[in-house]
């Protein structure tokens, strides 16, 4: 995690630059790395999506730009206030707070988008700017973390402290890992599977840290996993539903998302998807459903996505296409409640 | 028609004519008669001032007594009437020259004498005329008309000093001031529009006083007599002209009698109609004259008539007058012509204006003028009123603009009135199509104006919103920079919007 004083410095610089332009009688302009899909390229080296060279200009003398320019600077001032007072805000809070300042966004999508602009402009992720998404996923396992947030400084927490797992929030995200007995991070898609794995003491059996993704993983969750991966040198395995959506949850953790391509240090290129894939559905004869049109269309899209160009991924897609079936993680329950832990995971994790 | 013009008139039998046709001349009842008397005297005064080349000052006084007896006094600073002309100018019903050769307010030359006659028969009183020319100190006359012989009876004539040159006429008549009050005021108000260099005052029974006109100090150039256009050559005109100089050869006769007919044109024309240019005009028989007249009217290679015989109000004067009288925003001026109808040169001009003073309606309110005289009645028969309804105003006029008026002025050496009351102009197809074009042009100007206004409003709103957003930008940037001072942005914003805010 970068030092929290750095974003404050960057924000102040930005403010000074714009202010001096106004004082000189020039309408300020800023250039922001373009975040359109045309400007997103896959970087083979880091195996993640990054932004290309194209930039968009916001010119404050243009009446079409002035509103979003102003909104951007409001977010910057809001962020600076958060950081200076050690507070955080959810994206939803950000959207609602605007009203009081006469700023007013059309919808939350607009404030989210402008926050992404600010991230790209000053090259700090939103978590460093004090903003956290609402959707909280959870973590559980044998790790000791040390808090850095106000009022909890240097307090340590064992991530097995709650049988429900600990929510991944701003406090945990800014905490530093102290030590661990775990040898593996196992990220699972559904809450049901996460609870099952805690109950069955799977974390002891495989020496793993369990992470509940809750669908497409929030950035903060990806960030925390990346950090544990980097600092504790733990490999990451991802266990999802057996359908194109589950597969893509895994792929985003591994290679990055188009949405956050301007943010570095989110992807975990060495992470591994351990199913459920099409072959698993056949091999374990899992209860399954027919794929609908949306599923098939998604497979088509993914087959053309530059993140899926490798033979392995193409063949994973091809298998789903041939099978035209999908299965959930929970489908293993038909073989008894412990089947996943006793049979499936040992095979996959080895 | 006072002054020098009297030589062009010849007497007719006036009494019978007047009795039979008094409604035609505007003396049908006491209400109408009072209004017509004011009108004839004022127009007479304005014509006289025009000839004197002065800024007209016309003072109108109406005193009503015993109910229906009114005395109308109209005083001007015109040329004054020379002694020898007074009897005939006021005491003999004259018939005007039909072929008037320049724009005048009256057409028949009946005007003032009809009023004198009406006063005489309705109250038994003579007209009293106090006049001074540049050559004398002033005289006062009492004049009757001998109806039988159509000759003036000068009852008295006394030297009476008058300070300034000009004429004051008093006529006592049977009139209804209460009923004609509104129209007299309206008539004078509009006269101030079409003769904006004239200053007109009105005093009613010493209790009400009004001032009209006086909107400009510019005296319009005097329309000059001009030769008739060949397209006006009917048989009577040809015979009259021929009778003046019977010895002229045909070629010289044509060149000397008509405008737009020089030597080259005359040669081509006579060759075309195969008439001998050397034949003397007096030698031609009725048939040949008729053939000549027909040919002149039909030949389509004569030039457009000259406009020097006409006196349009003009854009600037029209605008000034309408702006001041109605507190109006003038939108546009349009002029068609000089053109000719049946050989008579004419110009149509129009102004479109917006004011709260105008009636709110889907179609513009219409103010009509002919030869600088406001037309107040019979609008349903009038070509300008009828044509106005043929324009799809909804296309030009946004609903948020109400109170639109159009002022039209038709000027010609001959106005095709639909009746002798001279209140409406009849439909002549060539004129109608020019009026349509005039209206459309004014309509387009209205449209451009309202769109410009919308744009201006829009850009004012835009400026306000931009300024709000930019000030917020400055404020938030100061906060981010950790600076307490928020820079002033007004100069930058005004510079940025300078072009737009002029709209």
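Among the residues of region A:35-55, what is the count of those that are outside any strand (DSSP E or B) and surrounded by 19 or more Cβ atoms within 10 Å (Cβ to Cβ)? Break it down stepwise before answering.
Step one: list which residues in region A:35-55 are outside any strand (DSSP E or B), which gives A:35-39, A:44-47, A:52-54.
This time we only want the ones that are surrounded by 19 or more Cβ atoms within 10 Å (Cβ to Cβ), so: A:35.
Number satisfying all stated conditions: 1.
Check region A:58-77 and report whether any residue there is more than 14 Å from chain B (Cβ to nearest Cβ) and part of a loop (DSSP other than H, G, I, E, B). Before you say what the answer is, go through the steps one by one.
Taking region A:58-77 as the starting set, the residues that turn out to be more than 14 Å from chain B (Cβ to nearest Cβ) are none.
Checked region A:58-77: no residue is more than 14 Å from chain B (Cβ to nearest Cβ) and part of a loop (DSSP other than H, G, I, E, B).
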request  = Given the conditions (1) assigned to a helix (DSSP H, G or I); (2) more than 13 Å from every other protein chain (Cβ to nearest Cβ); (3) touching a residue at least 40 places away in the same chain (Cβ under 8 Å); (4) over 22 Å from residue A:216 (Cα atoms), report the number of the one that residue A:119 does not fulfil.
outcome  = (4)
inquiry  = So if I check each of A:20, A:5, which one is surrounded by fewer than 19 Cβ atoms within 10 Å (Cβ to Cβ), touching a helix residue (DSSP H, G or I) at 6+ places or on another chain (Cβ under 9 Å), modelled with pLDDT of 90 or more and within 14 Å of chain B (Cβ to nearest Cβ)?
reply    = A:20
Residues within region A:154-173 that are within 22 Å of the chain's Cα centre (by Cα) and either in a strand (DSSP E or B) or crowded, with 19+ Cβ neighbours inside 10 Å (or both), tallied = 8
message = Restricting to region B:336-365, name every residue that is in a strand (DSSP E or B) and surrounded by fewer than 18 Cβ atoms within 10 Å (Cβ to Cβ).
response = B:339, B:365
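State which residue is modelled with the highest pLDDT when the search covers only region B:487-499 and only residues that are crowded, with 16+ Cβ neighbours inside 10 Å and more than 9 Å from chain A (Cβ to nearest Cβ).
In this case the residue turns out to be B:493.
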query = Out of curiosity, is residue A:92 surrounded by fewer than 17 Cβ atoms within 10 Å (Cβ to Cβ), touching a helix residue (DSSP H, G or I) at 6+ places or on another chain (Cβ under 9 Å) and either modelled with pLDDT under 90 or within 11 Å of chain B (Cβ to nearest Cβ) (or both)?
reply = yes
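Quick one: is residue B:462 in contact with a helix residue (DSSP H, G or I) (Cβ under 9 Å, 6 or more places away or on another chain), touching a residue at least 12 places away in the same chain (Cβ under 8 Å) and facing chain A (nearest Cβ under 7 Å)?
Numbers: in contact with a helix residue (DSSP H, G or I) (Cβ under 9 Å, 6 or more places away or on another chain): yes; touching a residue at least 12 places away in the same chain (Cβ under 8 Å): yes; facing chain A (nearest Cβ under 7 Å): yes.
Here the answer is yes, as residue B:462 does meet what is asked.
Among the listed residues B:472, B:446, identify the single one that is within 14 Å of chain A (Cβ to nearest Cβ) and in contact with a helix residue (DSSP H, G or I) (Cβ under 9 Å, 6 or more places away or on another chain).
Details: B:446 fails: within 14 Å of chain A (Cβ to nearest Cβ).
None of the other options fit; the residue is B:472.
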task = Check region A:130-152 and report whether any residue there is in contact with a strand residue (DSSP E or B) (Cβ under 9 Å, 6 or more places away or on another chain) and in a helix (DSSP H, G or I).
result = no
query = Any idea which of (1) assigned to a loop (DSSP other than H, G, I, E, B); (2) surrounded by 24 or more Cβ atoms within 10 Å (Cβ to Cβ) is the one residue A:262 doesn't satisfy?
reply = (2)
task = Please verify whether region A:130-153 includes one or more residues that are within 14 Å of chain B (Cβ to nearest Cβ) and crowded, with 17+ Cβ neighbours inside 10 Å.
result = yes
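Quick one: is residue B:71 in contact with a strand residue (DSSP E or B) (Cβ under 7 Å, 6 or more places away or on another chain) and under 20 Å from residue B:200 (Cβ atoms)?
Details: in contact with a strand residue (DSSP E or B) (Cβ under 7 Å, 6 or more places away or on another chain): yes; under 20 Å from residue B:200 (Cβ atoms): yes.
Here the answer is yes, as residue B:71 does meet what is asked.
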ask   = Cβ-Cβ below 8 Å, separation at least six or inter-chain, first residue in region A:143-172 and more than 20 Å from residue A:211 (Cβ to Cβ), second assigned to a strand (DSSP E or B): which pairs?
value = A:148/A:176; A:154/A:146; A:155/A:146
Scan of region B:394-418 for residues that are farther than 26 Å from residue B:311 by Cα and surrounded by fewer than 18 Cβ atoms within 10 Å (Cβ to Cβ), ordered by number = B:394, B:395, B:398, B:399, B:400, B:401, B:402
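Kindly indicate the residue of region B:41-56 that is under 16 Å from residue B:173 (Cβ atoms) and either at pLDDT 90 or above or outside any helix (DSSP H, G or I) (or both) and also farthest from the chain's Cα centre (by Cα) among those meeting that condition.
First pass over region B:41-56, keeping only residues under 16 Å from residue B:173 (Cβ atoms): B:41-42, B:44.
This time we only want the ones that are either at pLDDT 90 or above or outside any helix (DSSP H, G or I) (or both), so: B:41-42.
On the way: B:41: 15, B:42: 13 Å.
In this case the residue turns out to be B:41.
Conditions tested, residue by residue: (1) within 14 Å of chain A (Cβ to nearest Cβ); (2) in a helix (DSSP H, G or I); (3) modelled with pLDDT of 95 or more.
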{"residue": "B:423", "(1), (2), (3)": "no, no, no"}
{"residue": "B:438", "(1), (2), (3)": "no, yes, yes"}
{"residue": "B:454", "(1), (2), (3)": "no, yes, no"}
{"residue": "B:485", "(1), (2), (3)": "yes, no, no"}
query = In this structure, does residue B:432 turn out to be part of a strand (DSSP E or B) and more than 10 Å from chain A (Cβ to nearest Cβ)?
reply = no
inquiry  = The conditions are (1) farther than 21 Å from residue A:30 by Cβ; (2) outside the structural domain of residue B:337 (by TED's automatic domain parsing); (3) crowded, with 18+ Cβ neighbours inside 10 Å, and residue B:473 fails exactly one of them. Which is it?
reply    = (1)
key: Number of positions in region B:190-219 that are in a loop (DSSP other than H, G, I, E, B), over 15 Å from residue B:57 (Cα atoms) and touching a helix residue (DSSP H, G or I) at 6+ places or on another chain (Cβ under 8 Å)   = 1
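Quick check, is residue B:322 in contact (Cβ under 8 Å) with a residue 24 or more places away in the chain, within 17 Å of the chain's Cα centre (by Cα) and buried (at least 17 other Cβ atoms within 10 Å of the Cβ)? Step through it out loud before you land on a result.
On the way: in contact (Cβ under 8 Å) with a residue 24 or more places away in the chain: yes; within 17 Å of the chain's Cα centre (by Cα): yes; buried (at least 17 other Cβ atoms within 10 Å of the Cβ): yes.
Answer is yes for this residue.
The values are calculated or read from the model by the stated rules, or taken from the named source; none is laboratory data. What you are looking at is a predicted structure, and each value in this text was computed from that prediction instead of being measured. Here the Cβ is made from the backbone with ideal geometry for all residues, glycine too, and neighbour counts use every protein chain on show.
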